[in-house]
Amino acid sequence: MSMSFSAVSVPSSVSRPSYLCSSAYQFSFGAPANYFRSGSGGRVVLHGGPLHLCRKFCGLKQWILENLHRQHQRKLGPTNEYKSFKNQFKDHSTDQSGSTLSHEDDVSADSNDQTSKITSELEESSLPSSQPHASVTEPTTSVESPSMPQTHSSKFLVECGEEPSLCIAVIGATGELARRKIFPALFALYYSGFLPENVSIFGYSRKNMTDEDLRSMIASTLTCRVDHQENCGDKMDVFLSRTHYINGGYDNREGMSKLNVLMKQFEGKSEANRIFYLSVPQEALINVACSLADNAQTLKGWNRVIIEKPFGFDVLSSHRLTQSLRSKFEEKQIYRIDHLLGRNLIENLTVLRFANLVFEPLWSRTYIRNVQVILSENLGVQAGRYFDGYGIIRDIVHSHILQTIALLAMETPISLDGEDIRNEKAKLLRSVRKLEPSDVILGQYKGSTRDKVDLFMNSLTPTYFAAALYIDNARWDGVPFLIKAGMGLIQHRVEIRIQFHRVPGNLYRERMGHNIDLATNELILRDTPDEAILVRVNNKIPGLGFKLDSPELNLLYKDKYNVEVPDSYEHLLLDVINGDNHLFLRSDELAAAWNILTPILNEIDKKNIAPELYELGGRGPVGAYYLWAKHGVRWAED
């Protein structure tokens, strides 16, 4: 009976001497029974995951190659040293097949053929290859053999089963975003087991701080999952111990070189991957990114760079930013993050469309009358940033709103690969008609002395944006996509409403009253308040008589799923770690979005459009109601 691993067969009576079974090179036949199954030809087949198999056999492979190499140097003669090796082999072998090597002559006679075959197969399996070895007899697992460097020395460098290290650097670590969102998201991923054990976290800024200062600063913001609080304190202590600080000073090139040296100390000799989160002001972004690219990238794995919005001020500045980044990084390395795209509502859009037969056939102008994308913030949201020149168009509409429409309206991608999805999003955005000023309503809420907003009232930067978009393709021709995004409104609300056409020749028209719009079927995807999927249908009210109602079939997440919804930063950071980029803007998507909004931005710059004032805590500009009516759409909250 023999044991099979990929293309290698060795006698099952062979066991590695115990003195070689140390550190990372342990090998033992004492594996659980479920790892062994009988294969064809009386062979024993070892089952398990690739990492487990690698750890089991890597040390055996090294030991066999070392001893066969020693024998080859001595021309495999039956010398006293060979007898010593054979006796040592017998003393430490495990009798798995019920037989042992009992005659020195038999060993000598068979050693040339057997050792030549094993040596050839083991050395062949050690060659680096991107293709996995042929799988063994069903139902075994196909395993890709680890690479072993070929050398003439018996001192082999084998780092079998060691996972690649991961270093995550937060540039701008002392800022509000890093303290309140990024570090807590990283800890939540670590606590939930989504970060590797050999992860290291680095905070980088210009402040004169120590490791302990950084740990104290972020410790108060770290919380454990509500649904599993086991070992919370211990996990937090370990996470903080893996967090380190770098004072980059005012020379980013020198600072990034220091960061690179520190990262190398924690990475060792194994494969090393790095993520850089650039939580820095727009005016510092290019300098930081270029310094990072030249001085802090690893050569032993992948590098990924996360960039926060806004991605430029207009089409020209965005193009310059993209060119600067592309001169230093490949497109696949750049992750332009918008935390609003990490919400479960956005991730669920493609699932609803492409995994439910009931929806996909209806997803066109044939059945859909209009689509409304609504994002309103209440008084609890800090508003100062909207008066610094960026405003709601550049901050929310350009990325979040247009990306939502792209995911909602795109054609079916050929796969769920991130690039395939981004290809379809880019095609959809290029099909969106440029906005006309007559289809746009801008607003700005009235400030008060108490809110300290009246200091900015000379600015024309809008805090409210409503518009009607049209997509010029066969699927959506003539269907208005109505956008409403604003702050300082009556309630916090994020949802997508898809209204269907009226039933042609409806038999129950007279029983529905004069407002036929109330009987329109709707699909409502709500994120806030209370995440839910609602379907409005027409139904007979129980009882005598014949009265109709339009209730909502309700899937309320908090009632159906007893889980805590992760923060959007957790979701997106995990996507970066996994290399899933479908929720991150590619440069062509970025350019297409600017092309849609540029005509309106130009009109604002020329002061041809002035924001309409609205009350803080109200429903927004009155003009938005007229815009909805112009396109035959009823306001959702009415």
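The values are calculated or read from the model by the stated rules, or taken from the named source; none is laboratory data. Computed from a predicted structure; not experimentally measured. Note that each Cβ is placed from the backbone with ideal geometry, even for glycine, and that neighbours are counted across all protein chains shown. The protein model used for the area step is the full one, side chains on, heavy atoms only, and it has no ligands, DNA or RNA in it. Shrake-Rupley method; radii C 1.70, N 1.55, O 1.52, S 1.80 Å.
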- Query: Along the charge dipole of segment 482-638, which of Val494, Ile600, Gly505 sits closest to the positive end, that is, farthest toward it, with unit charges on the beta carbon of Lys, Arg, Asp and Glu (+1, +1, -1, -1)?
  - Reply: Gly505
- Take every Cα pair under 8 Å in segment 242-300 that's 6+ residues apart, average their separations, divide by the length, and report that relative contact order as a whole percent. 44
- Percentage, to the nearest whole number, of Cα pairs in segment 283-344 over 20 Å apart: 29
- Between Glu612 and residues 5 or more places away or on another chain, which pairs have amide H atoms under 5 Å apart, with H built 1.01 Å from N, and which residues are they? Leu442, Gly443, Gln444
- Query: Which pairs break 30 Å Cα to Cα here: Lys484/Lys607; Lys434/Lys630; Lys446/Lys560; Lys446/Lys484?
  - Reply: Lys446/Lys560
- Query: Expressed as a rounded percentage, what relative contact order does segment 275-326 have, with Cα pairs under 8 Å and six or more residues apart?
  - Reply: 48
- What FRET efficiency comes out for the pair Glu510/Asp530, r = Cβ-Cβ distance, R0 = 51 Å, nearest 0.05? 0.90
- Item | Given Lys309/Lys425; Lys235/Lys269; Lys300/Lys328; Lys181/Lys235; Lys309/Lys427; Lys181/Lys558, the pairs whose alpha carbons are separated by over 20 Å | Lys235/Lys269; Lys309/Lys427; Lys181/Lys558
- Report the charge-dipole magnitude of segment 272-322 in Debye, nearest 20, computed about the Cα centre from +1 at each Lys and Arg Cβ and -1 at each Asp and Glu Cβ. 260
- Note on the structure: With DSSP loop assignment and no more than 12 other C-beta atoms within 10 Å, the chymotrypsin sites (Phe, Trp or Tyr not before Pro) in segment 571-628 are none
- Task: Mind putting a number on the dipole of segment 497-638 about its Cα centre? Charges go on the C-beta only, +1 for Lys and Arg and -1 for Asp and Glu, and I need it in Debye to the nearest 20.
- Result: 920
- Would you list Thr412, Thr174 from the most to the least accessible area, probe 1.4 Å? Thr412, Thr174
- Query: Accessible surface of Lys540 in the full protein assembly, 1.4 angstrom probe, to the nearest 10 Å²?
  - Reply: 80
- Query: What's the extension gain from Ser257 to Asn473 if we count 0.36 nm per residue and subtract their Cα-Cα distance?
  - Reply: 72.8 nm
- Assigned charges on the beta-carbon of Lys, Arg, Asp, Glu; segment 235-353 dipole about Cα centre (debye): 320
- Item | Neighbourhood charge, 15 Å Cβ-Cβ cut-off, centred on Arg353 and excluding it, Lys, Arg +1 and Asp, Glu -1 | -3
- Query: Could you give me the ³J(HN,Hα) list for segment 610-627, computed from phi with Karplus coefficients 6.51, -1.76, 1.60 and θ = phi - 60°, whole Hz, x at Gly and Pro?
  - Reply: 10, x, 7, 6, 9, 5, 5, x, x, 9, x, x, 5, x, 5, 5, 5, 5
- Label-to-label distance, nm, for residues given as Ser438 and Lys630 (7 Å Cα→Cβ offset): 0.7
- Query: When the Karplus curve 6.51 cos²θ - 1.76 cosθ + 1.60 is applied with θ = phi - 60°, which whole-Hz ³J(HN,Hα) does each residue of segment 474-485 get, with x for Gly and Pro?
  - Reply: 5, 6, 10, 4, x, 8, x, 9, 9, 10, 9, 9
- Note on the structure: Given a Förster distance of 35 Å, the FRET efficiency implied by the Cβ-Cβ spacing of Arg365 and Asn602, rounded to the nearest 0.05, works out to 0.70
- For segment 237-284 versus segment 170-203, the gap between their alpha-carbon centres in whole angstrom: 12
- Item | Under 5 Å, built H, 5+ apart or other chain: amide partners of Phe276 | Ala169, Arg304, Val305, Ile306
- Query: Could you give me the ³J(HN,Hα) list for segment 554-568, computed from phi with Karplus coefficients 6.51, -1.76, 1.60 and θ = phi - 60°, whole Hz, x at Gly and Pro?
  - Reply: 10, 9, 8, 4, 5, 8, 7, 10, 8, 9, 7, 7, x, 5, 4
